[in-house]
Amino acid sequence: MGKRDNDKPDSETAGGLSRRGFIGASAAIGAVGSAAGLLGGGLLAASSDVRAAGQGKADVAPGELDEYYGFWSGGQSGEVRILGVPSMRQLAAIPVFNRDSGTGWGQTNESIAILGESHKRGWQNGDTHHVHMSYTNGSYDGRWLFVNDKANSRVARIRCDIMRTDKITIVPNVTSIHGLRLQKVPKTGYVFANGEMIVPQPNDGRDLENPANYWTLFSALDAETMEVAWQVWVDGNLDNVDTDYAGTYAFSTCYNSERGVHLGDMMRAERDWVVFFHVPRIEAAIKAGKFKTIGDSKVPVLDGRQAAGSDFVRYVPVPKNPHGINTTPDGKYAIANGKLSPTCTIISLEKIDHLFAGKINEPRDTVVAEPELGLGPLHTTYDGRGFAYTSLFIDSQVVKWSVEEAIRAYGGEKVNYIHQKLDVHYQIGHLKASMAESRDCDGKWLMALSKFSKDRFLRVGPLHPENDQLIDISGDKMVLVHDGPAIPEPHDCIMVHRSKVRPKAIYTRDDPMFAATVAMAKADGVDLEKDSKVIRKGNKVRVYMTSLAPSFGITEFKVKSGDEVTVVITNLDTVEDVSHGFVMTNHGVGMEISPQQTASVTFTAGHPGVHWYYCSWFCHALHMEMSGRMLVEA
Ligand code: RUQ
Ligand code: CUA
Ligand code: CA
C-alpha cells in the first residue's frame with residue numbers, strides 16, 4: 001500500500017503533522033468548554049487485520065447494480081449527488097442551487113422558472129447540508145427529496161421520478177436554513193426547516209446594534225406547494241431538527257440559547273436546549289388566528305418564546321451546544337448530541353407527551369439517560385437492533401452503543417453500554433446507517449462522513465477531498481470497508497433501498513418541467529413533435545427545432561446581431577440514454593436535452609458572423625457532425 005512522503009508509516013506523517021498530533025491540534029481548537037482536557041484514547045490507525053476484514057465487502061461486480069441509492073448533499077457545490085451503495089460509485093449530480101454547465105441548470109428557461117426569485121437576485125451559490133426523502137407512514141416513498149440551503153435561506157424539492165429540482169422556496173424572516181427534516185407520518189405533509197442565525201425582526205435596518213432584539217424562527221413548509229405554512233418565533237437559535245413517528249412533534253437543537261453574537265457568548269451556558277414543537281397544537285393556534293406577521297411577509301407567525309407561555313412549544317435543557325438530534329427507529333426517543341459535552345441526551349417522547357399534557361412539570365424529567373460516549377458527539381444513527389452509532393468529531397471515532405443499556409446505566413445498573421469504538425479518518429461529522437430515519441432501518445451499512453481526509457488519498461493540492469467511509473455494521477463489530485473521496489463537502493447523506501426509488505428511463509411528453517414551453521409553442525402554432533421553424537417577432541426570434549440522432553431539425557438559421565434568440569429543442573429520440581446537447585459556440589450557452597424532453601434557452605445573438613452550434617452529448621457515430629450554423633447579420 002503506497003504511503004505518502006517516502007513511505008513512512010502513515011501514523012508518522014500527514015503533511016508534516018502526525019495523525020495523533022493533528023487530532024490533538026484540532027481538538028485544541030474544537031475542545032472548548034467542558035470537553036477541554038479530556039483528549040486521548042482511540043487514536044490508533046486502522047490495524048492491518050481490520051483492513052483485511054473489510055477487503056472486498058463493498059465490491060459490486062462490473063454490470064451488477066448497487067442495492068441502495070445514496071443521496072448526498074453536495075455542500076458548498078449547492079447540488080445533491082446520487083451514489084450507488086455499497087460500491088460508492090457516483091452516479092449523478094442533481095443541480096439545485098448551483099449553475100450547472102452540463103445540463104444548463106440556471107440557464108435554461110425551464111430551470112430559471114424554478115429558480116424564480118433566486119435567479120432574479122443573481123444567486124448562483126448554495127450550501128446544501130441535509131437531504132431527506134419524503135415518507136408515507138414512516139417509510140421512504142420515493143416521491144421527493146428535500147434539501148436545505150444554508151447560504152441563502154432556502155429549501156428545495158427534487159422530483160425522484162426524474163431526479164430534477166422542481167421547487168425552490170426562499171424562507172422569509174430567517175437567515176440560514178440549516179436543519180431540515182420531514183414529517184414522517186401519516187405522510188410528508190410538512191417540511192420542517194430551522195432558521196439558524198438570529199436577526200432583528202423584521203430585519204429592515206432596525207436594532208442593528210441591539211443583539212438583544214435578534215431572533216430566529218422555526219418554519220414549516222407545505223410539501224405539496226412548497227409554500228411556508230407557518231413559523232414559530234423561538235428563544236435561542238436552531239441547529240438540527242428531527243420528527244417523531246406519530247405526526248405530533250418536531251424538535252430542534254439550539255446551541256445558542258445565550259443568543260450571543262460572538263463565539264464566547266454562545267458557549268457561556270453549560271446547557272442549551274432542545275425545542276419541542278407540538279404540531280397539531282400549532283395548527284390549532286393558527287386556525288384560531290393567534291398569529292401575527294412580520295414585515296412584508298404574509299406567513300403566519302406564532303410566538304413560541306418561553307415568556308409567551310404557549311401550549312405548543314417546550315424547551316428541554318441539554319448540555320452543551322448540542323448539534324444533531326435523531327429519533328430512534330422505534331419512535332420512542334429523541335437523542336440529542338452534546339458536541340461540547342461528551343454526552344448524548346436521551347429524551348423519552350412518551351414523557352414529552354406528559355410534559356405537554358401537564359403531567360410532568362420539569363422539562364428535564366423527560367430525560368431518561370445521558371450516556372457519556374466520547375469527545376465531540378455530533379450525530380447519531382441506528383441499526384434497528386437497538387444499537388446507536390454516534391460520531392465523535394474530536395476523537396475521530398464512531399461509537400456503537402446500546403440505547404436500552406444506557407438507560408439502565410442511568411438508572412444505576414452496572415452495565416457497559418459502549419460496545420465498540422472504531423477509528424475513522426478524520427474528524428467525522430454526520431454518519432448515517434442504511435434506511436435509518438425510516439421505519440425500515442435495516443442495519444447493513446453505515447456511512448461515516450469525515451470532514452478531513454488528510455493522508456488517505458493522493459494529494460490534490462491544498463484543498464483535500466472529504467472522506468466518506470463505508471462501514472459494515474451487519475455483524476457484531478463495525479468493519480471499515482471503503483474510503484470514498486468526496487468533493488467538498490457532503491455534510492449528510494441517506495441510503496435508500498433501490499426498491500423504494502423508481503426513476504423514469506425517459507421523459508413523458510406531458511412532464512410539467514417543460515409544460516410552459518410546450519404551451520408557448522402551441523401559442524406559436526408549432527407542433528414540437530415534428531416542426532422545426534423560426535418565428536420572428538420584432539427583435540425576438542424563436543427557433544424551434546427537433547433533435548433526432550444524429551441531426552438537429554434546423555441546421556441553419558439567420559438572425560440580426562443583438563436579437564433575443566430563444567432556441568427550443570425537442571428531443572424526439574425514444575431510446576433510453578440518447579441525450580443530445582445544444583451548445584451555441586462563443587455565446588456562453590449550453591444545455592442538455594434528454595429523450596422526449598423539451599428544453600429551451602434564451603440568449604442575445606452576438607457579433608455578425610457565422611456561429612456554429614453543436615450537439616455536446618456524444619449520441620451517435622455521427623455525433624461530431626450533429627451541428628448547425630447561426631448566421632448573424634449586422
Ligand atoms: S450539520 S456535521 Cu450542517 Cu448536519 Cu452536522
Ligand atoms: Cu446529438 Cu451528439
Ligand atoms: Ca450555547
Sorting check: for 177-186, 469-478, which peptide has the highest mean count of neighbouring beta carbons within 10 Å, and how do the rest follow?
177-186, 469-478
Over the chain, what percent of the accessible surface lies on carbon and sulfur atoms, probe 1.4 Å?
52
Of Lys187/Lys432; Lys167/Lys500; Lys167/Lys421, which ones are farther than 31 Å apart at the Cα?
Lys167/Lys421
Over the range 514-633, give the accessible area per residue in Å² for a 1.4 Å probe, as an integer.
44
Whole-Å distance, taken between Cα centres, linking the range 155-211 and the range 360-389:
26
Expected 222 nm ellipticity per residue - DSSP helices of 4 or more, -39500 (n - 2.57), all of the chain, to 500
-3000 deg cm²/dmol
For Leu340, other-chain or 5+-apart residues with amide H closer than 5 Å (H placed, Pro excluded) are Lys320
Could you work out the relative contact order of the chain? I mean the mean sequence separation of Cα pairs under 8 Å and 6+ apart, divided by the number of residues, in percent.
11
Work out how far the C-alpha atoms of the range 361-489 reach from end to end along every principal axis, then list the three figures in whole Å, largest first.
54, 28, 27
Using alpha carbons only, what's the Rg to Rh ratio of the range 233-306 with Rh from Kirkwood?
1.03
Could you tell me the relative contact order of the range 514-633? Use alpha-carbon pairs under 8 Å, at least six residues apart, and round to a whole percent.
26
Residue by residue through the range 214-228, what is 3J(HN,Hα) from phi via Karplus (6.51 cos²θ - 1.76 cosθ + 1.60, θ = phi - 60°)? Round to whole Hz and write x for glycine and proline.
9, 8, 9, 9, 9, 10, 10, 9, 6, 4, 6, 9, 6, 8, 6
Expected vector for the range 551-566, Karplus 3J(HN,Hα) from phi with 6.51, -1.76, 1.60 and θ = phi - 60°, integer Hz, x for Gly and Pro, equals 8, 7, x, 10, 10, 7, 9, 10, 9, 9, 3, x, 4, 8, 9, 10
Round to the nearest 10 and give me the degree value, 0 to 90, for the angle of helix 19-30's Cα axis relative to the longest principal axis of the chain.
90
Take the chain, drop everything but the C-alpha atoms, weight them equally and run the Debye formula without solvent; then report log10 I(q)/I(0) at 0.08 Å⁻¹ to two decimals.
-0.63
DSSP loop GluC sites (Glu not before Pro) in the range 157-238 with at most 10 other Cβ atoms within 10 Å of their Cβ, which ones?
Glu209
Regarding the range 50-183, what are the three Cα extents along the principal axes, ordered largest first, in Å?
52, 34, 28
Using the Kirkwood radius over Cα pairs, work out the Stokes-Einstein diffusion coefficient for the range 420-544 at 20 °C and 1.002 mPa s, in µm²/s as a whole number.
113
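Where does each of 215-222, 604-611, 388-395 land if you order them by average Cβ count within 10 Å, highest first?
Ranked from most to least packed, the peptides come out as 388-395, 215-222, 604-611.
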Inter-label distance, nm, simple model (7 Å from Cα along the C-beta direction), Glu404/Val60
3.4
Computed over the Cα atoms of the range 314-395, the Rg and Dmax in Å are 12.6, 40
Interchain or sequence-distant (5+) residues whose placed amide H lies within less than 5 Å of the amide H of Cys254 are Asp239, Trp273, Val275
The range 395-486: which GluC sites (Glu not before Pro) are DSSP loop and have at most 13 other beta-carbon atoms within 10 angstrom?
Glu413
Hey, can you grab everything whose amide H is under 5 Å from the amide H of Phe552? Only 5+ residues off in sequence or another chain; H modelled, so Pro and N-termini drop out.
Ser627
Take every Cα-Cα pair in the range 247-400 and report what % of them are more than 20 Å apart.
53
Roughly speaking, what is the stretch gain from Asp510 to His607, that is 0.36 nm per residue apart minus the C-alpha to C-alpha distance, in nm to one decimal?
31.2 nm
If one puts a single equal scatterer on every Cα of the range 514-633 and applies the Debye formula without solvent, what log₁₀ I(q)/I(0) results at q = 0.19 Å⁻¹?
-0.98
HN-Hα J in Hz across the range 229-235 - Karplus 6.51, -1.76, 1.60, θ = phi - 60°, x for Gly and Pro:
7, 6, 9, 10, 6, 10, 7
Taking Cα pairs closer than 8 Å and at least 6 residues apart, the relative contact order of the range 334-492 in percent is 15
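The values are calculated or read from the model by the stated rules, or taken from the named source; none is laboratory data. Values in this document were obtained by computation on a predicted structure and should not be read as measured data. Note that we place each Cβ from the backbone using ideal geometry, even for glycine, and neighbour counts take in every protein chain shown. Keep in mind that these areas ignore ligands, DNA and RNA; they rest on the heavy atoms of the full protein, side chains included. Shrake-Rupley method; radii C 1.70, N 1.55, O 1.52, S 1.80 Å.
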